[in-house]
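Following: one structure in structure tokens, then a few remarks.
Any read-out appearing in this document is the output of simple, stated calculations on the displayed coordinates, not a laboratory observation. Quick caveat, the model's predicted, so the values are computed rather than measured. Ideal geometry is used to build each Cβ from the backbone, glycine not excepted, and the neighbour counts take in all protein chains shown.
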């Protein structure tokens, strides 16, 4: 029996987390990867791509995945934070917009008319700015 340790929107995110767990010596499996890879609009209905581990490894896996290693990546690769165009804060993160509307259009017309785009969400002022306007 396997337990789900995390849910992801896209298969590549789950594969990165699986590789991170396996680097720490924890066997992990990705569920619903191919279903969502072929039909990404089913992601919300299925609960996303699931990363699963054995029950005795669950707490250790949660602790490993909870670690924020973004500082390590930025130190190694070099990265400038995104700046909020409204308030100038650097406390921002990427956020997809348009997924719900694309899913509803797909259900109604069997064709996603609205593309999903990335946006920058500011943690300080709450503004949401589309990238590449």
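Kindly identify region 16-80 as rounded, prolate or oblate by the Cα gyration tensor criterion: order the square roots of the eigenvalues as a ≥ b ≥ c, call it rounded if a/c is under 1.5, otherwise compare a/b with b/c, prolate if a/b is larger, else oblate.
Working: a/c = 2.50, a/b = 1.28, b/c = 1.96.
In terms of gyration-tensor shape, oblate.
Would you order 43, 129, 70 from fewest to most other beta-carbon atoms within 10 Å of each residue's own beta-carbon? Provide the component values of the computation, followed by the final result.
Working: 43 21, 129 15, 70 9.
Exposure proxy ranking, most exposed first: 70, 129, 43.
So between residue 107 and residue 39, what do we pick up on full extension, going 0.36 nm a residue minus the alpha carbon distance?
Numbers: separation 68, 0.36 × 68 = 24.48 nm, distance 1.22 nm.
Stretched out fully, the residue 107 to residue 39 stretch lengthens by 23.3 nm.
Quick one: if you stick a label point 7 Å off each Cα along the C-beta vector at residue 123 and residue 27, how many nm between them?
3.7 nm
In deg cm²/dmol and to the nearest 500, what is the mean residue ellipticity at 222 nm of the chain if only DSSP H runs of at least 4 residues count, each as -39500 (n - 2.57), divided by the residue total? Walk me through the intermediate numbers first.
Numbers: 6 runs with 51 residues, N = 133.
Counting only the DSSP helices, I get -10500 deg cm²/dmol.
Sort 125, 84 so that the residue with the fewest other Cβ atoms within 10 Å of its own Cβ comes first and the one with the most comes last. List each step's numbers first, then the result.
Working: 125 13, 84 21.
So the residues, fewest neighbours to most, are 125, 84.
For labels at residue 62 and residue 19 in the simple 7 Å Cα→Cβ model, what's the distance in nm?
For the pair residue 62/residue 19, the computed spacing is 2.6 nm.
Mind ordering 48-57, 13-22 by average Cβ neighbours within 10 Å, highest first? Before the final figure, lay out each step's value.
Numbers: 48-57: 18.6, 13-22: 17.1.
Answer by packing, highest mean first, reads 48-57, 13-22.
Determine the relative contact order of the chain: mean sequence separation of Cα pairs under 8 Å and six or more apart, normalised by residue count, in whole percent. Please list the in-between numbers first.
On the way: 196 pairs, mean separation 26.5, N = 133.
Rounded, it is 20 percent for the chain.
Which of 40, 29 comes first, and how do the rest follow, when ranked by fewest Cβ neighbours within 10 Å?
Numbers: 40 19, 29 15.
Lowest count first: 29, 40.
Once the piece of chain linking residue 100 and residue 4 is laid out straight, how much longer is it, given 0.36 nm per residue of separation minus the C-alpha distance between them? Walk me through the numbers on the way to the answer.
Details: separation 96, 0.36 × 96 = 34.56 nm, distance 2.42 nm.
Extra length from residue 100 to residue 4 when fully extended: 32.1 nm.
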